[in-house]
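Reading through the structure tokens given below for one structure.
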Amino acid sequence: MVRRLALALAAAWLVLAAIVLGRFADEALPATYLVRPLALELGVAFGIGAGSLIARGHAVAVAAGAAVLVALPEPVLVLTLVGVLIGAELLRRAGRMRADSQRPVLVLVGVFFSLGLIRALSVIDLPSNVGYSAVSGGPPMYVVLLDGYPRIDTLAELGIDNSSFVNALEERGFDHYPQAMSSHTKTHKTLLAMLTDEVVTDDPVTIEARRGIRERLVVPPGFVAVDPPIGFVTLGPGPHIDPGGSNDFEGQLLAQSVVGVMAPDLAWAALAQGLRERIDASLDVLVASPELRIFVHLVAPHPPFLYEADGSAGTTRQCWPECALFANSIEDRGTTRESWASSMTGNVKALNARVLAAVDRLIAAHPDAVIVLFSDHGGRISEAERDEWHRSFLAARTPGHPGVFADAPRPDTIIRTLLATYESGTP
């Protein structure tokens, strides 16, 4: 029985792993995104393997089939598996089939896994510190990307008064740039313009092009990057810190699994909690790390809406898994402008409180700290309001150089301006 359990577990895990590897190969993700799903699936595979022992000689076949249905609960697959099992049992009883089907099944799942592994290896990028250089002088620098943070006038149009947050930042020595504009409306394009000397357009790109962009998103000199929960905008070469919590790839796997299909509310509760934990952990890393140059990318207040209007943890599932985890426009989310604005209120309130607390801790530890808070694009509320997509948030504490971004309050100028100002002494 122990041997049969081991084989059933192996068959289930190989199937689950092959599906994960195949989906990974269809995206533009860092290799680290594979580690946790493949590890967690060992527990799932053990449960499947143990349950399949009731099938005796067909335990391996049942385990493999059950693993497919857990990861891909499609009606056609369910009916096909049931039909195959019934047919196999009828043939066995008629004496035309051996009771033990483990060898051919193991061969099939081995081939399935190998194909998935080959596909994943063909697109994988291994972690690298190429391009990293030590701090060459100047004060501590903390650059925080608040993904999709709407500009103050956009929030006002939505009925959200954000002046108290801006005032609190100004009291802490920040300059607020109310007319900040992003040249780009997508995160990866803003990052590419910020971190390279390339001329970047807002044209759509393929998955292959996204992989190429990730390879060129080198962590800025002397900085350490705290990774966001979206794989294809995670910076490429350079030192990284993974704060933990949920990410978009795990959300995709969960959405398409039997849990996401049969119990979406339960799946959402776990996923949303993981996303909230990632926000808090990222800010903890920002203030607790001994590194003196940190680039943090928080995918907030960008939807999904993780908080209620009072800033407490949200419980409403919204449109996931029917819509993409980080879908943000009202068209993609299937909602109204009024509902979107009401939900954004909670995200902004919760994020503001957390950011101010982190800023206070940074200033207490490093009175000369340079701190930049910015968004990569506007709220991207509606496909009908494309001008708003360019309205970005920007506030910066730049001791000795007030208003340093006044001539170019755009996200793509931030890193170059900071390095030129504080390393050479001239803007």
Per-residue HN-Hα couplings for the stretch 249-262 [Karplus 6.51, -1.76, 1.60; θ = phi - 60°; Hz; x = Gly/Pro]: 5, 5, x, 5, 4, 5, 4, 8, 8, 5, 5, x, 7, 8
DSSP bridge orientation in the chain - percent antiparallel, rounded to nearest 5: 35 percent
Give the long-range amide H neighbours of Ala313: residues separated by 5 or more places, or on another chain, with amide H under 5 Å away, using H modelled in the peptide plane at 1.01 Å from N. Glu308
Do the sum for the chain: with -39,500 (n - 2.57) for every DSSP H run of n ≥ 4, divided by all residues, what is the mean residue ellipticity at 222 nm, to the nearest 500 deg cm²/dmol? -16000 deg cm²/dmol
Charged-residue dipole, Cβ positions (Lys, Arg, Asp, Glu), the chain about Cα centre, Debye nearest 20: 2100 debye
As an exercise, take the mean of 1/r over every pair of distinct alpha carbons in the chain, invert it, and state the Kirkwood radius in angstroms. 23.5 Å
What is the local net charge at Phe326, summed over the other residues whose Cβ is closer than 10 Å to its Cβ (Lys, Arg +1; Asp, Glu -1)? -3
Ile118 versus Ala270: modelled label distance in nm, points set 7 Å from Cα along the beta carbon direction: 3.3 nm
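Calculated FRET efficiency, Arg172 and Glu277, Cβ-Cβ r, R0 30 Å, to nearest 0.05? It would help to have the intermediate numbers written out before the result.
Values: r = 26 Å, r/R0 = 0.87.
Plugging the Cβ-Cβ distance into 1/(1 + (r/R0)^6) gives 0.70.
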Which ³J(HN,Hα) values in Hz, rounded to whole numbers, follow from the phi angles of the stretch 198-213 under the Karplus curve 6.51 cos²θ - 1.76 cosθ + 1.60, where θ = phi - 60° and Gly and Pro get x? 6, 7, 10, 9, 8, 5, x, 10, 7, 4, 4, 5, 4, 4, x, 5
Rounded to the nearest 0.05, FRET efficiency between Ala365 and Asp387 (Cβ-Cβ, R0 41 Å) equals 0.55
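Rounding to the nearest 20 debye, state how big the charge dipole of the stretch 228-290 is about its Cα centre with +1 on each Lys and Arg Cβ and -1 on each Asp and Glu Cβ. Let's see the in-between values first.
On the way: 2 positive and 7 negative charges, 13 e Å.
It works out to roughly 60 debye.
All of the numbers you see were taken from the coordinates with simple rules; none came from a lab. Please read all numbers here as calculations on a predicted model, not as lab measurements. Please note: Cβ atoms are built from the backbone with ideal geometry, for glycine as well, and neighbour counts cover all protein chains shown.
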